[in-house]
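Please read the structure below before turning to the comments.
The values are calculated or read from the model by the stated rules, or taken from the named source; none is laboratory data. Computed from a predicted model, the values in this text were never measured in an experiment. For neighbour counting, all protein chains shown are included, and Cβ atoms are generated from backbone atoms with ideal geometry for every residue, glycine included. All accessible areas refer to the heavy atoms of the entire protein, side chains included, with ligands and DNA or RNA removed. Shrake-Rupley method; radii C 1.70, N 1.55, O 1.52, S 1.80 Å.
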Amino acid sequence: MTTKKGLFLSVEGIDGSGKSTHLEFIKLYLEKHGYQVIITREPGGTKTGEEIRELLLHSEHLQDNTELFLYFASRQELISKVILPNLAKGICVIADRFIDSSIAYQGAGRKLGVAKIKQISAMLDPNIEPALTLLFDADLAVAMHRLKTERKLDRIEKEPIEFFNTVQQAYYALLNENSQRIKLISTNVSIAETEQNLLVYLNEFMKNA
């Protein structure tokens with residue numbers, strides 16, 4: 001009997017957008033539909049990836065290209081050691097950030113250019129894409145307030161609001177270019193309302209899964 005391939009989903013959004021709040025809801029939804037589910041995170045998700053995460057989020061300073069290549073090194077480890085093996089076993093994988101983050105944060109935020117990110121992405125082995133990406137979105141002021149009041153900030157989260165505005169605009173551009181894959185989820189409303197909006201897209205996605 002052939003094992004049904006697992007589903008690959010990602011969640012995206014600027015820091016403070018509320019995406020992490022809803023990861024468990026998405027996981028429970030998929031489990032109710034009979035899937036085994038794991039959640040990964042970027043950077044991180046493997047032993048090497050977690051070591052890279054420490055460098056990326058807590059180093060005093062990293063040159064922008066160094067930051068970019070470290071993210072992709074962590075991502076390659078995650079693809080090879082976690083994402084592909086689990087998908088092959090029929091397990092669903094929810095990635096807390098994936099390539100879209102590099103386009104938004106390094107390509108736009110660090111001004112390295114989207115073309116450069118896509119060129120490096122093509123070097124991943126294999127170059128895979130989520131079947132569905134849920135882009136969590138909040139007003140910039142709301143997201144920044146959440147960051148400052150809910151946790152100790154890491155190196156990326158300490159960037160000025162102008163940086164996050166650039167990142168957010170890059171996400172909107174990705175949404176416009178990939179409307180079939182990427183779905184916008186506003187978190188300016190209550191958690192219950194956000195979950196209802198999530199259900200609309202998840203139900204639609206499962207019809208074709």
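Before moving on, here are some points about what is shown:
- Rolling a 1.4 Å probe over the protein heavy atoms gives the chain an accessible area of 50 Å² per residue.
- Accessible surface of THR21 - all protein chains present, 1.4 Å probe, nearest 10 Å²: 90
- Distance (nanometres) between label positions extended 7 Å along Cα→Cβ at ARG151 and LEU23: 0.8
- If you run the Gaussian network model on the chain, springs between alpha carbon atoms under 10 Å, then out of LYS152, LYS19, LYS27 the most flexible one is LYS152.
- For the chain, a Gaussian network of Cα nodes joined below 10 Å ranks GLN63, GLN169, GLN180 by mean-square fluctuation, and the top entry is GLN63.
- The range 1-44 versus the range 149-193: alpha-carbon centroid distance in Å: 18
- DSSP-defined beta bridges in the chain - what % are antiparallel, rounded to 5: 0
- Residues of the range 71-92 with an amide N closer than 13 Å to a point placed 7 Å from the Cα of ASP125 along the Cα-to-Cβ direction: 76-77, 80-81.
- Close amide-amide hydrogen proximity is noted between THR133 and SER10, ILE182, LYS183, each under 5 Å apart and 5 or more residues distant or on a separate chain (H modeled in the peptide plane; Pro and chain starts excluded).
- For the range 1-154: relative contact order, % (alpha-carbon pairs under 8 angstrom, 6 or more apart): 41
- R0 of 25 Å, Cβ-Cβ distance MET206-ILE38: FRET efficiency to nearest 0.05: 0.90
- Within the chain, the longest run free of GluC sites (Glu not before Pro) that sit in a DSSP loop with at most 16 other Cβ atoms within 10 Å is 61-156.
- Structure-derived Cα Rg over 2.2 N^0.38 Å: which label, when the choices are [x] 1.23; [y] 1.04; [z] 0.99: [z]
- Listed residue pairs exceeding 28 Å between alpha carbons, taken from LYS4/LYS118; LYS27/LYS47; LYS32/LYS81; LYS111/LYS158; LYS81/LYS148; LYS118/LYS207: LYS4/LYS118; LYS81/LYS148; LYS118/LYS207
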